[in-house]
1. So, with +1 on the Cβ of K and R and -1 on the Cβ of D and E, and no other charges, what is the size of the charge dipole of the range 9-67 about its Cα centre, to the nearest 20 debye?
2. Give me a comma-separated list of calculated 3J(HN,Hα) values for the range 35-49, in order, Karplus coefficients 6.51, -1.76, 1.60 applied at θ = phi - 60°, integers in Hz, x for any Gly or Pro.
3. Give a residue-ordered list of calculated ³J(HN,Hα) values for the range 16-29 (Karplus: 6.51 cos²θ - 1.76 cosθ + 1.60, θ = phi - 60°; whole Hz; x for Gly, Pro).
Amino acid sequence: MSQLEVDMNTYLTTEELSSRIKYDVRTIRQCLKDSVLFEGVHYIRPFGGRKILFIWERVEETMLQGLSVHNAIGMM
């Protein structure tokens, strides 16, 4: 990942992500994290701590990929 890509990322807390995608915070933590959203891809733990920051652009990309697959299946 280039420095430019890093600078352009939008980092969100679980609460902020919840507001954007309209999923409950518990659903994100218990159902999506580590099954659909993966550490190092969709979220990071800054400074090796417990806090999680989601990378919005990666989350959004994954959500839209799922939409594309669903649309392609529906068109068959």
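Rule-based calculations on the coordinates, nothing more; no lab input. Computed from a predicted structure; not experimentally measured. Virtual Cβ from ideal backbone geometry, glycine too; neighbours counted across all protein chains shown.
1. It works out to roughly 240 debye.
2. 10, 10, 10, 10, 4, x, 10, 9, 8, 10, 10, x, 6, x, x
3. Computed from phi, the couplings for the range 16-29 are 5, 4, 4, 5, 6, 9, 6, 10, 5, 4, 5, 5, 4, 5 Hz.
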